[in-house]
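The structure appears below as structure tokens.
The values are calculated or read from the model by the stated rules, or taken from the named source; none is laboratory data. Just so it is clear, the structure is predicted and the values come from calculations on it, not from any experiment. For neighbour counting, all protein chains shown are included, and Cβ atoms are generated from backbone atoms with ideal geometry for every residue, glycine included. What goes into the accessible areas is simple: the full protein's heavy atoms, side chains included, and nothing from ligands, DNA or RNA. Shrake-Rupley method; radii C 1.70, N 1.55, O 1.52, S 1.80 Å.
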Amino acid sequence: MFNIVDSDFFNKAVELSFKKIDKDKSGKINPDELSAGLVYMYYQLSKRLPGIADPPTVSQVEESFKKFDRDASGDLDYNEYKGFVVQWFRDNGIYFTGMVAANMLINFIFIPMIAESIHAKLALKTAVNHIPKKVFTLIFAVVSKVSFKMLRRIGQ
């Protein structure tokens, strides 16, 4: 069975993310760098997959940081950081993968199907028939995403 955390792709991604997060180029990551790196990662993910997940809280990052700072130096070296990422992925990977799949279904299948169905029904009776299906679908997708985000914020 394929285990992504053992793949060359995953190892390269961990190495590149370590270099990106290590802002002071000390070869170690402090808690602030880790927090900023995780928020940035979630921000980038949410731009591509809105609503994918909320970033971990400061207390969650601090707790994880202490767990993986094996030498209690107050910083994570590359091996400690890699252990952190591997464990995070094992703990959250299935959830993350499920969220990606759900977002793909919503964005690429359900929203276009619903938009086309609405367009077809409205086009018979209104001026909507002058709007191309692709444009209507795009507008419907944007309005849906904004509505879902607003409802999510109201529910929090």
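Hey, can you tell me all the residues within the stretch 127-156 that are at pLDDT below 75, over 30 Å from residue 89 (Cα atoms) and either open to solvent by less than 50 Å² (accessible area, probe 1.4 Å) or out of contact with any helix residue (DSSP H, G or I) (no Cβ under 8 Å at 6 or more places or on another chain) (or both)?
127, 128
Check off (1) open to solvent by 80 Å² or more (accessible area, probe 1.4 Å); (2) assigned to a helix (DSSP H, G or I) for residue 118 and give me the number that stays unchecked.
(1)
I'm trying to understand the selection: among the residues of the stretch 19-38, which are in contact with a strand residue (DSSP E or B) (Cβ under 8 Å, 6 or more places away or on another chain), in a helix (DSSP H, G or I) and among the hydrophobic types (A, V, I, L, M, F, W, C)?
Correct list: 21, 34.
Check whether at least one residue in the stretch 78-98 is part of a helix (DSSP H, G or I), surrounded by 14 or more Cβ atoms within 10 Å (Cβ to Cβ) and at pLDDT below 75, and report yes or no.
yes
Looking at the stretch 1-18 only, could you name the residues that are open to solvent by less than 30 Å² (accessible area, probe 1.4 Å), of a type outside the set (A, V, I, L, M), in a helix (DSSP H, G or I) and at pLDDT below 80?
10 - this is the single residue of the stretch 1-18 that is open to solvent by less than 30 Å² (accessible area, probe 1.4 Å), of a type outside the set (A, V, I, L, M), in a helix (DSSP H, G or I) and at pLDDT below 80.
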